[in-house]
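None of the figures in this text is laboratory data; all of them are computed from the coordinates on show. If you're wondering where the values come from, they're calculated on a predicted model, not measured in any experiment. Glycine also receives a Cβ, built like all others from the backbone with ideal geometry; neighbour counts cover every protein chain displayed.
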Amino acid sequence: MPLWWIVLLPFAASLLAAVLPTRARNWESLLAGGVALAVAGGLASLHPRIAGGEVLQDTISWLPSLGVDLVLRIDGFAWMFGMLVSVIGALVVLYARYYLSADDPAARFYALLLGFMGAMLGVVLSGNIVQLVVFWELTSLFSFLLIGYWHDRKDARRGARMAFVVTASGGLALLAGVLLLGHVAGSYELGAVLAAGDKVKADPLYVPIVVLVLLGTLTKSAQFPFHFWLPHAMAAPTPVSAYLHSATMVKAGVFLMARLWPVLAGTDTWLLLVGGAGLLTLLLGAYLAIFQQDLKAVLAYSTISHLGLITLLLGLGSPLAAVAAVFHTMNHATFKASLFMAVGIIDHETGTRDMRRLHGLYRYMPHTARLAIIASAAMAGVPLLNGFLSKEMFFAETVLLQSSPVVQWLLPVAATVYGVLAVVYSLRIGHHVFFGPPPGDTPRVAHEPVRWMRAPIEILVLACVVVGVLPEAAVGDLLATAAAPVVGGTLPEYSLALWHGFNAPMIMSLVALAGGVAAYLVFARLRSEGWLERAPLLARTDGRRAFEWLLAAGTDLARRTVRRTSSRHLQRQLLWMVVAAGSTALAAAIVVPLEWGSRPRVPVTIDFVLLWLVGGAAAIGAAWQARFHRLYSLVLLGVTGVVLCVTFAWFSAPDLALTQIAVESVTLVFFLLGLRWLPKPLGSDEVEGVAWRSLWRRSRDLLLSVLAGAGLAAVSYALLTRTGAQSISPFYLANALPGGGGHNVVNVMLVDFRAFDTLGEITVLGIVGLSVYALLRRFRPPRELTEVPPQQRLAQHQATEEQEDPVRASLVVPAVLARLMLPVTLVVAAYLFLRGHNLPGGGFVAGLTVTIAFVAQYMVGGTRWLEARLDVNPRAWIALGLLGALATGLGSLALGYPLLTTHTAHFALPVLGEVHLPSALFFDLGVFLVVLGSTMLLLTALAHQSGRARRRPSGGSA
């Protein structure tokens, strides 16, 4: 299976699951389980090549001019993680089928779960570190939605928000880190980055890179001091917890630390930051776990502790410690996923997770009890189970570490203390819950679940036993394949034998087991006597309160800042924007002074001077008349726009002139519609009364306008006259026809060379149109108007037109002419659109031309006539335009070319002869639809508002 199919299949299935019936649990689970198994099968088929040391890679050219490609890369380590994501995902899907109730929306659950699976596979298989960060943030988004799945619960909303804020903020730091890392390594390709370890460590940016990368990884893996979010994420459904917090989301952090281990590890900085965070998290999580009363909270803090163990191993910097980290990652996924599912069964069948009410469950659910006890023993590190083997490797590394005497003494002691605490919290699950007196006050009578709900736990527990008894045969080759890329290709010597003699690690294990049992007995006695209800020393430490306090403080600071620095007056906001922009530009000009170039000047002609005297006079008149007659001011502003259009044409820029005249025509109507929203203009007597009060403000605005205009003129003059910089014009002039298939260089630039920019711009335009519509949607036409058929609406409108508006009735001849001109204008727009690739025109100006035609219909018939006659749906036009433009770009990707690459087809038609059809035409069609849809959406929204204002008795006059 191609690597891209492995990543895209879960996303495609997620979209399909979202549209399936929400109560169709069987179909949803079959779809999700089938996709997970298909991904696992595709990865399994690659194992022979991966085990042979091969690194597989798929590359899709994305933005070759920037050196950015979409790359999927799989080696042994990525293969191991991909198998964990897909296999445990399949088991979680089966478990969730019986865990979720009939009232839970299955469609949303499986759609989000599949989306998260795809995002996690994207992280694991990304061969470009910037691309990895994109998938990284997608995991934060999907986990936010999954944790808040039961959004009617306050704890679920809080836990989801906390997890998202912490992990997404870390993702922003990670983005900065990988940008620096790619800059230092000279490439953002993962293979090149992994080969640049010595170069990165010798660079002065090494410490900032490590800090920024660790901010991302430590927040994602809930390491100290960011550990507090994980226990609150337990408000998610248990299948989500079993998946996210055993094999996927929290493992993403340790995955990236291991992925970049050859590049960043092996320095004192790495040991201090990674090893220190891991050690603190290891002990803190284990200590807090023994005081929790919620079963899932015990598992949450134990997960934090085990992630700290893996982080500490990676922080030690030795190859053998890295191998142990990979091994424990595999083992932890099996026993922790099985424990989460067992706890979910207990909650599902008894109605509670409170350990104060849960005991003696063995006699009611013996099979589930045996599975949970074995998994707990694996978590505690009991011999003949998989957790014992990786714990032994961890103990060995703490003993063999070569460092200062204090560290050499402290680290084995800390590891042994962790082992004692791990036995204690494991016994709390394996012994306290299942033995003792029968439960007496559980909401439901305990009983075994349905057979298939236990099946995933049985498979995982069987893996714990098989690996613990036959480690070399079960996972020897898999561990070697997964660990080799982490340590740089050459594995250190290690053994997975069950017995290594009576050595220091074995003594530490025996002390941990015996000490843990003794500590558990003492702990149970103290708890029964009312002691140790909360964790000593840390009872008042609550990460949630600290997080919410910081969030509230930040919100309050932002609110105060906005209150003191902003204003509801648009003029004041614009004033500060211009001042800030002008100050920044002035500071830049001081650092790099503007210099006039020696490029030959175009001779000044009297015609051009007279033209701009007219334009300048119109601009001054528009500013002056704004206080008295806004309509006059708007007309004078239009004169300035026409002068600008003539200027573009004067300097041989017909595309700009054509676009500018269309923009002027449309915005003129928009401004006219907006005049009725403004306060009533001042009369002459009022102007005299406030003249002196506004003199200072008007003088200030005049001075600021002159300075800003003069500054822009100076910058433009300096840029236009410079000679040292190389012009980009020759490249586009030389490549427009051979590279883009068109003679119109401007259009070719927009739809081919810089099509990615254009795609972003039309996306912004569509968002603006939808935003304005959303803000003004309360002014939509009455429901009774929208419910009648279009022809009936037209008849009603024509019957009442003369009675409602005598002035409009007197404009019968202009109305007839405007409606007769509609098809002519549409033909002109089609002509401009089709010729745009070779002559002035294109989708943008064609969309504006059609908008002008519709504006004319509105001016003579009103919005009701326009909607009744044309039955417009601008939102659909925006959606179709964006999808069409995106499909054009993806089509080139599907054919193996970079995104939005243009190709021209040549064929002959009987009457027209030879026709050249560039693929950019379809992209331009998307631009046309978005421009038309956005402007029409703005028109209808403003027109309804204007019509409402016209009916208000107190409305101001233009």
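Here the gap between residue 908 and residue 612, fully extended at 0.36 nm per residue and compared with their Cα-Cα distance, gives a gain of 101.7 nm.
Seen from residue 189, the other residues with C-beta closer than 15 Å to its C-beta sum to a net charge of 0, counting Lys and Arg as +1 and Asp and Glu as -1.
All Cα-Cα separations within segment 606-682 were binned at 10 Å from zero, giving a P(r) of 19, 43, 28, 9, 1, each value a whole percent of the pairs. Note on residue 651 and residue 772: the model spin-label points, each 7 Å out from Cα along the C-beta direction, lie 2.7 nm apart. Rounded to the nearest 10 degrees, the angle from helix 790-804 to the longest Cα principal axis of the chain is 50 degrees.
If R0 equals 25 Å, the separation of the Cβ atoms of residue 293 and residue 551 corresponds to a calculated FRET efficiency of about 0.40.
Based on the Cβ-Cβ distance of residue 195 and residue 134, what FRET efficiency does E = 1/(1 + (r/R0)^6) give at R0 = 22 Å, to the nearest 0.05? Kindly include the intermediate steps, with their values, before the conclusion.
Working: r = 23 Å, r/R0 = 1.04.
FRET efficiency, residue 195 to residue 134: 0.45.
Among 347, 152, a tally of other beta-carbon atoms within 10 Å of each Cβ gives an order, fewest to most, of 152, 347. Putting +1 on Lys and Arg Cβ atoms and -1 on Asp and Glu Cβ atoms, find which of 207, 647, 382 reaches farthest to the positive end of the dipole of the chain. Result: 647.
Of the residues 143, 775, 85, the one whose Cα sits farthest towards the positive end of the charge dipole of the chain is 775 (charges of +1 on Lys and Arg Cβ, -1 on Asp and Glu Cβ, taken about the Cα centre).
For the peptides 260-266, 87-93, 52-58, 170-176, the ranking by packing is 87-93, 260-266, 170-176, 52-58, with the highest mean count of neighbouring Cβ atoms within 10 Å listed first. Computed over the chain, the per-residue total of -39500 (n - 2.57) for DSSP H runs of n ≥ 4 gives a 222 nm mean residue ellipticity of -24000 deg cm²/dmol, rounded to 500.
Are any of the pairs 199/336; 220/391; 154/391; 199/251 more than 32 Å apart by Cα-Cα distance, and if so, which?
Working: 199/336 39 Å; 220/391 23 Å; 154/391 38 Å; 199/251 28 Å.
Exceeds cut-off: 199/336; 154/391.
Shown here is the pair-distance distribution of segment 55-158: with all Cα-Cα distances grouped in 10 Å bins from zero up to the longest one, the shares run 14, 37, 29, 15, 5, 0 percent. Once both labels are positioned 7 Å from their Cα atoms along Cα-to-Cβ, the gap between residue 519 and residue 407 label points is 2.4 nm.
Gain in length, residue 710 to residue 568, computed as 0.36 nm per residue apart minus the alpha-carbon separation, to one decimal in nm?
48.3 nm
Straightening the chain between residue 493 and residue 756 buys 89.6 nm, computed as 0.36 nm per residue apart minus the Cα-Cα spacing. The candidate values were [x] 64, 33, 30; [y] 77, 36, 27; [z] 55, 32, 30; the one computed from these coordinates for semi-axes √(5λ) of the Cα gyration tensor in Å carries the label [x]. 3J(HN,Hα) along segment 171-186: x, 5, 5, 4, 4, 4, x, 6, 5, 5, 4, x, 5, 5, 6, x Hz, from the Karplus curve 6.51 cos²θ - 1.76 cosθ + 1.60 with θ = phi - 60°, whole Hz, x for Gly and Pro. A Förster distance of 45 Å, applied to the separation of the beta-carbon atoms of residue 670 and residue 101, puts the FRET efficiency at 0.30. Taking a point 7 Å from the Cα of residue 462 along the Cα-to-Cβ direction, none of the residues of segment 227-251 has its backbone N closer than 18 Å to it.
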